[in-house]
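Here's the structure, in structure tokens; my notes come after.
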Amino acid sequence: MQLKVKQVELVHVRIPLHEPFRISTAEVSVKDAIVLRVETSVGVGWGEASPMAGDFYVAETPESSWEALTTSLIPALQRHGAVTCEQVADALEPMSDQAFARAGLESALWHAAAAARGKPLWALLGGRNRPIASGVAVGITDTIDELVDKVDGYVGEGYRRVKIKIKPGWDVEPVAALRERFADVPLMVDANAAYTLDQADVFEALDRYDLMMFEQPLAGDALDDLAALQQRVTTPICLDESAETLEAVQRIISKGSGRIINIKIQRVGGLQRARQMHDLAASANLPCWLGTMPELGIASAQGLHLATLDNFAFPTDVESSARWFVDDLLEPPIVIDAAGMLHIPDGPATGYRVNPDKIAKYAVKRACV
Ligand code: MG
């Protein structure tokens, strides 16, 4: 299906988090996102460009996404001839290095195409209708007791695996405490690139705790060191910050830098690139899972559809909307069942409806291009 972009409404929304989220490099207490309502030649689609405020995790910010969308990406696509969803990423990539902005616009076209065809998004993406296992991500806490209490609550809610953030000085001890309390819970750690190969002994120590994976133990570009670390531990290394582009995933495969890929739609610039990354990883027998920034509901719902592809083999970081945010923009809200599974509602596109009243409530800036 060919589409042409007509008019785009952008709204910068800001929704408070229930509590600040702390990782090895930063802390954040609100969720910012740029919501896009894109009118195309076949109907309306919704997208979300979803960087965190400030320099949390990545250099891209809500302001830089806004700038790229309004001055470059949207005008370029309006001038462009009709495109298929598969072609949008190629059209946008030369225009801007702002991957989150490209993802927001590109995903809206997929959404519009699915809605126009009356089909679920997963059908267009080549997925299959299946529930998706959800895992919980827990930030760094002040004390180990607080961490154990939090994990206890999330395990009780049904989450299918627990991921904790680690940093030097907060690694083996919290993992040991969790393993003592939760012997059988699927558990993993995410270092957000906080270590160097000189600290490999930490991961050799963590190797004893039957973890599912070590997520991004070393710097994103340290592919040789990651390969060396993978040789020294049996726990699979999962790459997140390292897996920014298809070329990067190809290098990861060639060097043996890890055995699992965390694919984030925002970071890679949209659904098509994420799908290509999934396929490339599958061709090298590297299982994947769908990571998050985390996004609000519009982008999370699109992520769930992508996560129905076969090589997404581990629980996703998409959690219940209410886990992070005091409110969300979707109806119904995204929510796990008692067994920790996410079920995509029936219906065309994502199966979820965007609530314009909620967008108005949390809007901090609007524009029409
Ligand atoms: Mg990560």
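No value in this document is a laboratory result; all are computed from the given coordinates. All values reported here derive from a predicted model rather than from experimental measurement. Reconstructed Cβ throughout: ideal geometry from the backbone, glycine too, with neighbour counts over all protein chains shown.
Near the amide H of VAL138, within less than 5 Å, lie the amide hydrogens of LYS163, ILE164, LYS165, all on another chain or at least 5 residues away, with H placed in the peptide plane.
Shown in residue order for the range 281-296 are the 3J(HN,Hα) couplings computed by the Karplus curve 6.51 cos²θ - 1.76 cosθ + 1.60 at θ = phi - 60°: 4, 4, 5, 9, 6, 9, x, 10, 8, 8, x, 9, 8, x, 8, 6 Hz (x for Gly and Pro). Highest mean packing first, where packing is the average number of other Cβ atoms within 10 Å per residue, the peptides 264-270, 357-363 line up as 264-270, 357-363. For the chain, a simple Cβ point-charge model (Lys and Arg +1, Asp and Glu -1, everything else neutral) yields a dipole of about 1400 debye relative to the Cα centre. From helices alone, the chain scores -10000 deg cm²/dmol at 222 nm; the rule is -39500 (n - 2.57) for each run of n ≥ 4 DSSP H residues, then divide by the residue total. For the pairs LYS6/LYS361; LYS167/LYS365; LYS119/LYS150; LYS150/LYS264, note any where the Cα-Cα span goes beyond 28 Å. From LYS6/LYS361; LYS167/LYS365; LYS119/LYS150; LYS150/LYS264, over 28 Å: LYS167/LYS365; LYS119/LYS150.
Per the Debye formula on identical point scatterers at the alpha carbon atoms of the range 144-211, with no solvent, log10 I(q)/I(0) at q = 0.13, 0.24, 0.25 Å⁻¹ is -0.35, -1.10, -1.17.
Using only alpha-carbon positions in the range 124-353, the gyration tensor eigenvalues give semi-axes of 27, 23, 14 Å once each is multiplied by 5 and square-rooted (largest first).
3J(HN,Hα) along the range 149-157: 4, 4, 4, 4, x, 5, 4, x, 6 Hz, from the Karplus curve 6.51 cos²θ - 1.76 cosθ + 1.60 with θ = phi - 60°, whole Hz, x for Gly and Pro. In this structure, ALA177 and ALA360 have a Cβ-Cβ separation that, at R0 = 35 Å, corresponds to a calculated FRET efficiency of about 0.20.
Globularity index of the range 91-222 is 1.38 (Cα radius of gyration / 2.2 N^0.38 Å, N = number of residues). For HIS18 and SER254, a Förster radius of 30 Å and the Cβ-Cβ distance give a FRET efficiency of 0.10, rounded to the nearest 0.05. Residue by residue, the range 90-96 carries 3J(HN,Hα) couplings of 5, 5, 8, 4, x, 7, 7 Hz when phi is fed to the Karplus relation 6.51 cos²θ - 1.76 cosθ + 1.60 (θ = phi - 60°); x denotes Gly or Pro. Where does helix 172-181 land angle-wise versus the long Cα axis of the chain, in degrees 0 to 90, nearest 10? Long axis of 172-181 versus the principal axis of the chain: about 90 degrees. Peptides 279-292, 31-44, ordered by how many other C-beta atoms sit within 10 Å of their residues on average, highest first, read 31-44, 279-292. Between the Cα long axis of helix 223-232 and the first principal axis of the chain there is an angle of about 40°, rounded to the nearest 10.
Footprinting exposure proxy ranking of MET52, MET95, fewest other C-beta atoms within 10 angstrom first, gives MET95, MET52.
Bridgeable aspartates and glutamates around LYS358 (alpha carbons under 17 Å apart, same-chain partners fewer than 8 residues away excluded): GLU9, ASP32, GLU48, GLU295, ASP327, ASP328, GLU331.
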